[in-house]
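Right, one structure below, let's go through it.
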Amino acid sequence: MVEFETYFGNIMQSDIPLLKVILKYIFRRKGKQMRPLLVFLTAKLNGTVSESTHIAATFIELLHTASIVHDDVVDESNERRGALSINALWNSKIAVLVGDYMLSKGLLISVEKNRYDMLKIISETGKKMCEGELLQLQKTRKRHISESDYLRIILHKTAALMSACTACGAQSVTDNDDTIRIMTTFGENIGIAFQIKDDILDYENTGIAGKPSGNDIKEQKITLPLIYALEQAPYTEKQRIIDIVKSKEKTTLEISEVINFVSEYGGLEYAKLRMNRYRDQALEILDAYPESEVKNSLKEYIYYTTERKK
C-alpha cells in the first residue's frame, strides 16, 4: 500500500493549479483505502503482485473517488467523513468536473498500459453504479420498497465496486476465466455484507463513526432493517413510520421513534442474519484456497467488514 501511494501520486500529477489543490485535498483524507487493499490481497491470493496490480488498484481508486465526488453533488451533501465535500468547499460545477477528470484519467491509463480487459470491468462497474443510483432515486419516491429492490440497488452500487476490486485484482495476475469469475462472486458477497453492515450502523451509531445515527432516515432512505420491520408491523403503525420517513422535515423525536420501531420489530437482528449469510458465502469461496498469510488477511478483511464500529 505504501508503494501504491507513491505510484498513484505520480500518476495523479497535474499542472493545473486548482486541480492540484483539489486532488491534494481529496487524497489527504482518503480513508482506509479498503478497495485498493482488496485489489492487492486478491491479486496475491491468485498470483504475484506486479505493475498490473498497481494499475488495477489505480482504476478502482479513481472510479471510487469519482463516484464519491459525484454522489456528494447528487445528494447535495456538504460533508464526507466529517470533512467538507468538494461541492461545499468549491461548488458543484467544479466537483462534477473533478469527478469527470478522474474517470477520464482512468480511460487514458487503460489505453497507455493496454489494459482493455480491466477497462471492460471498470466500465461495466461504472454503468452498474449509475443504474443503481438511478434505481435508488426512483425507489426513494415510493412509500415502500421490497427486499429484492433493496438487494438489486446494493448489487449495482457497493457490491459492484467490491466485485470490480476482486475481478481486477485477479485479472492482474491471471487470465483464467474461472478464477476471475469466482473472484468476482467473492467480491460481490463482501460488498453486499459491507453495505448491509453500513445500513445496520445507521440504526446503531451515536455519531462517533462520522455518520450520525438516523442519517438514512433523514435522507428518506428505506434500507434492510427498516424494510423487515415494516413487514412485521401492524398496518396503522407501519403507515405512521412510513409517513415519518417520507416527510422532508423530521424532529429528533421522530427519528428516535423510527430507530426504536426497527429495534422493536427485529429489523436489526434480521439484517445481521442476512449480512452474515453473505459473509459466510465469501468465506466459503476462500476456504477452497490453501492456507497462507494472504488468505488469513482476507479472512480478517471479511470479518472487519461485518464487525466494524464505523
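Every read-out reported here was derived from the displayed coordinates using simple, explicitly stated rules and does not represent laboratory data. Predicted, not measured: the structure shown is a model, and the values here were computed from it. A quick note on method: Cβ atoms are made from the backbone with ideal geometry, for glycine too, and the neighbour counts reach across all protein chains shown.
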Taking the dipole of the stretch 2-307 about the Cα centre (Lys, Arg +1; Asp, Glu -1; charges at Cβ), the one of THR251, LEU89, ASN10 that reaches farthest to the positive side is LEU89
Once both label points are put 7 Å beyond Cα along the C-beta direction, the LYS24-ARG240 separation in nm becomes 5.5
Here the gain from full extension of GLU79 to LEU134, 0.36 nm per residue of separation minus their alpha-carbon distance, amounts to 17.7 nm
Taking 0.36 nm per residue of separation between ASN276 and GLU249 and subtracting their Cα-Cα distance, the length gained on full extension comes to 6.3 nm
The answer for ARG80, listing residues at least 5 apart or on another chain whose modeled amide H is closer than 5 Å to its amide H, is SER85
Among LEU23, LEU226, LEU62, the residue with the largest mean-square fluctuation in a Gaussian network model of the chain built from Cα contacts under 10 Å is LEU23
Once Lys and Arg are counted +1 and Asp and Glu -1 for all other residues with Cβ under 10 Å from that of SER85, the total becomes -3
Mean-square fluctuation maximum in Gaussian network of the chain, Cα pairs under 10 Å, restricted to TYR278, TYR203, TYR270, hits TYR270
So the angle from the long Cα axis of helix 177-204 to the longest Cα principal axis of the chain, reported in degrees to the nearest 10, equals 40
Between the residues ASN78, VAL39, LEU273, the Cα farthest towards the positive end of the dipole of the stretch 2-307, that dipole coming from +1 and -1 charges on the beta-carbon of Lys, Arg, Asp and Glu, is from ASN78
Here, ASP287 and ASP175, labelled 7 Å along Cα→Cβ, have an inter-label distance in nm of 3.4
Within the set GLY169, GLY191, GLY267, GNM on the chain using Cα springs under 10 Å gives the largest fluctuation to GLY267
In Å, the Kirkwood hydrodynamic radius from C-alpha pairs for the stretch 2-307 sits at 20.4
Calc'd 3J(HN,Hα), the stretch 24-32, phi into Karplus 6.51 cos²θ - 1.76 cosθ + 1.60 (θ = phi - 60°), Hz, glycine/Pro = x, comes to 4, 5, 4, 7, 6, 10, 6, x, 7
Between the modelled labels at GLU3 and GLU124 (7 Å from Cα along Cα→Cβ) the distance in nm is 2.8
